[in-house]
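The values are calculated or read from the model by the stated rules, or taken from the named source; none is laboratory data. Everything numeric here is computed off the predicted structure, so don't read it as measured data. We place every Cβ from the backbone using ideal geometry, glycine too, and count neighbours over all the protein chains shown.
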Amino acid sequence: MLKGKKALITGAAHPQGIGYAIAQKLAQHGASLVITDLDAKLLAETKETFEKSGFEVYTSQFDVTDFQETKSAIEQALKDVGPIDILVNNVGGSYRVSKEEMAYTHKELRPHAFTGILNIDIDRWHQLINVNLHSAFYVSKLIIPSMIERRYGKIINMSSVVGRKGAPKEETFTSAPYAIAKAGVVALTRQLALELGDYNINVNCIAPGLIRSGRGQMAQENMNPEDYNAIIRQIPLQRIGEVREVADIAYCLATDMFSYVTGQTIDVNGGTYFS
Ligand SMILES: NC(=O)c1ccc[n+]([C@@H]2O[C@H](COP(=O)([O-])OP(=O)(O)OC[C@H]3O[C@@H](n4cnc5c(N)ncnc54)[C@H](O)[C@@H]3O)[C@@H](O)[C@H]2O)c1
């Protein structure tokens, strides 16, 4: 269904991550891939794994919070592989969002105390807004002109359930700037949908709840079982989600199956929140 389409997915190198699962799903349906990440080692390993599966893969390593670095990398990618049909702005998170943190595995990074507006460190605020919101704005701004030229494009942004409802104080693996940035991603989605509809570009968003990516697993491993079970009990489907369940929605949004859907945020959260 995606044969002949080129998909660029940011933050797709981590084999347990949502971006990786989306890239894999799109490639299984025929798309050729441009995968980007900050982590050069994981990126090289993922390229090798994907190529062994017969996928066509181009990789680009850059820090998506740095506009100049992102601009050079995207311009080079467009020169090397040509225009992009599907853009998945997946990069984000509350951990492993800087070069220093890349040195740690998910297991080594411990959830910190809840960081709200009153106790957030200013640098961390900027870092989290950059990686979760500015990243999607930067990459979209650089890719959209070639979509406009061809009157075709699918953009999929990644928000979070906390971007829909706010970050509760008892959740130690999230934070206020993360929730605010992810709410910004929902707003960015609506704005782009309004600006790009007449160019036949669909812009949608996915807002996952707790998903068993590396990060979801870390939350499980590092919380005391009682707290973890209390979270699970609050999820109507009584379990955390799998990366596949996010990738399946991304796949639908990337195809023409959802061609009359734009500006929407799809909640993939086991029923934790609905609007
Ligand atoms: N896992 C969840 O429970 C969950 C829930 C809601 C939303 N999300 C969102 O889904 C997306 C993917 O989450 P995940 O759990 O798979 O995360 P992950 O940490 O497994 O993957 C994120 C990827 O982004 C890369 N990255 C981080 N900072 C970067 C930077 N500055 N420049 C380039 N690459 C960078 C990392 O190396 C990693 O490969 C994120 O936007 C996250 O906020 C995840």
Q.
Checking the structure you have, find out if any residue of region 6-19 is more than 13 Å from the ligand (Cβ to nearest atom), under 19 Å from Ala247 (Cα atoms) and not in a helix (DSSP H, G or I).
A. yes
Q: Please work out which one of (1) outside any loop (DSSP other than H, G, I, E, B); (2) more than 18 Å from the chain's Cα centre (by Cα) is the condition Arg244 fails and give its number.
A: (2)
Q: Go through (1) more than 27 Å from Tyr199 (Cα to Cα); (2) touching a residue at least 24 places away in the same chain (Cβ under 8 Å); (3) more than 10 Å from the ligand (Cβ to nearest atom) and name the single condition Ala31 misses.
A: (1)
Q. Can Lys52 be described as over 20 Å from Thr70 (Cα atoms), surrounded by fewer than 19 Cβ atoms within 10 Å (Cβ to Cβ) and not hydroxyl-bearing (Ser, Thr, Tyr)?
A. yes
Q | Qualifying residue in region 241-248 (condition: surrounded by fewer than 18 Cβ atoms within 10 Å (Cβ to Cβ), in contact with a strand residue (DSSP E or B) (Cβ under 8 Å, 6 or more places away or on another chain), on the phi > 0 side of the Ramachandran plot and at pLDDT 95 or above) | A | no
Q: Kindly indicate whether any position in region 176-194 is within 11 Å of the ligand (Cβ to nearest atom), assigned to a loop (DSSP other than H, G, I, E, B) and under 18 Å from the mean Cα position of the chain (by Cα).
A: no
Q | Every pair of residues 6+ apart whose Cβ atoms lie under 9 Å, when the first sits in region 171-196 and is surrounded by fewer than 19 Cβ atoms within 10 Å (Cβ to Cβ) and modelled with pLDDT under 95 while the second is in a helix (DSSP H, G or I) and not charged (D, E, K, R) | A | Glu171/Val162; Glu171/Ala219; Glu171/Ile231; Thr172/Ala219; Thr172/Asn222
Q) Within region 216-225, can one find any residue that is closer than 30 Å to Ile148 by Cα, out of contact with any Ser or Thr (no Cβ under 6 Å at 6 or more places or on another chain) and touching a residue at least 60 places away in the same chain (Cβ under 8 Å)? A) no
Q. Which ones in region 123-170 are within 21 Å of Phe258 (Cβ to Cβ) and either assigned to a strand (DSSP E or B) or small (Gly, Ala, Ser) (or both)?
A. Ala136, Ser140, Gly153, Lys154, Ile155, Ile156, Asn157, Met158, Ser159, Ser160, Gly163
Q | Count of region 9-32 residues which are over 20 Å from Pro208 (Cβ atoms) and either buried (at least 24 other Cβ atoms within 10 Å of the Cβ) or within 11 Å of the chain's Cα centre (by Cα) (or both) | A | 1
**Q.** Breaking point among (1) surrounded by 14 or more Cβ atoms within 10 Å (Cβ to Cβ); (2) touching a residue at least 12 places away in the same chain (Cβ under 8 Å); (3) more than 13 Å from the chain's Cα centre (by Cα), for Ile211
**A.** (3)
**Q.** Qualifying residues in region 50-65 (those that are assigned to a loop (DSSP other than H, G, I, E, B) and touching a residue at least 12 places away in the same chain (Cβ under 8 Å)) - the one farthest from the ligand (Cβ to nearest atom)
**A.** Glu56
